[in-house]
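Laboratory data are not the source of any read-out in this text; all were calculated from the coordinates shown. What you see is a predicted model; the values in this text were computed from it and never measured. Positions of Cβ are backbone-derived with ideal geometry, glycine not excepted, and every protein chain shown enters the neighbour counts.
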Amino acid sequence: MRQEPPNASRLRLSVIGKLTRFSRSPVTRLLRTLRVDKLFPFVIDKYYAELAFQREWTPLFLKKKDKVLEYWKRFRYLNEIIQICKITDASSVLDVGCGISGVLNFLPGKRYGIDPLAEEYLKFYQYPADLNIRKGFGEAIPFPNETFDVVLSSHMLDHTTDPSMTLDEISRVLKPTGHFVLVVEIFPSQAERDLAHPHSLTRDDVYKLLSGRFENIFERTSPWMLVSSYVKGSTKLAGEQLIMVLTKSDKRH
Ligand SMILES: C[S@@+](CC[C@H](N)C(=O)[O-])C[C@H]1O[C@@H](n2cnc3c(N)ncnc32)[C@H](O)[C@@H]1O
């Protein structure tokens, strides 16, 4: 197993944790407006925005879990995914970059989640007792080889520092007969985004990343909007997302 990437020291996360406690404050809004994240990336790194978002969104998620489930069924083919991957109470399932309100909440099985921010999330949110959540990076998944029947990655790949390394790690921890479920926003062309999203992947970028690692057995394209926007009743679409179910490829590059 690889060591965790060096870009997320405890120190930086604790600074971010303190800052985001004031996420709605005028000070934070001013920092964002001044684009301080660009000027001082050592203080406000890519986790800053994510933590602020999750802190703000979680109370609404807790009230509207049924709408989040509806979103997963309507836009992310949850029923089809469960059927294709044959996910049952006996399945071992890992969500990489699980966040708080992710798909793990709506699946059967022995459920594990990793997220670089897990320890920060745990400071303001208590996961359901039967979810096993721990700190971890996609680039260094803290589990032995061939552990899981299903590995999921939902709107995580474009957050990672290294998507290729992350896919290698997902392949490593997936059982030979396992399934990988990828949900990722796709763009018509590459564009600069923000610190939380170091990558903007086109459909072809995704295919190239998967090639040699996984075989595609199910693919849908679906309108993309933030789950939080959907829950609030918005109908404004913000782009496209790709939903794929894949198996491990025999070919390694
Ligand atoms: C947009 S949220 C998605 C959360 C969840 N998967 C969902 O669908 O609701 C992205 C998550 O990816 C996590 N993340 C960022 N970099 C990561 C990395 N290198 N490895 C794994 N997760 C990462 C973030 O901390 C955040 O919780």
| remark: In nm, the gap between the two label points placed 7 Å beyond Cα toward Cβ at residue 249 and residue 123 is 4.1
| said: Checking the cross-link filter: which lysines have an alpha carbon closer than 24 Å to that of residue 175, excluding same-chain neighbours under 8 positions apart? | reply: 86, 110, 135, 208, 248, 251
| said: Can you give the local net charge around residue 95? Use residues other than it whose beta-carbon is closer than 15 angstrom to its beta-carbon, Lys and Arg +1, Asp and Glu -1. | reply: +1
| message | So if each residue of separation counts as 0.36 nm, and I subtract the Cα-Cα distance between residue 175 and residue 131, what length gain in nm does that give? | response | 13.8 nm
| task | Report the paramagnetic label zone for residue 63: residues of segment 188-229 whose backbone N is under 20 Å from a point 7 Å from Cα along the Cα-to-Cβ axis. | result | 226-229
| note | Between residue 237 and residue 88, Cβ-based FRET efficiency (R0 30 Å, step 0.05) works out to 0.35
| field | Vicinal HN-Hα couplings computed from phi for segment 84-96 (Karplus, 6.51 cos²θ - 1.76 cosθ + 1.60; Hz; Gly/Pro x) | value | 5, 7, 6, 7, 10, 4, 8, 6, 9, 10, 10, 10, 8
| request: Evaluate the Debye formula for segment 191-251 with equal point scatterers sitting on the alpha carbons, no solvent, and hand back log10 of I(q)/I(0) at q = 0.12, 0.20, 0.21 Å⁻¹, in q order, two decimals. | output: -0.42, -0.93, -0.98
| Hey, rough spin-label estimate for residue 106 and residue 56, points 7 angstrom out along Cα→Cβ, what's it come to in nanometres? | 2.3
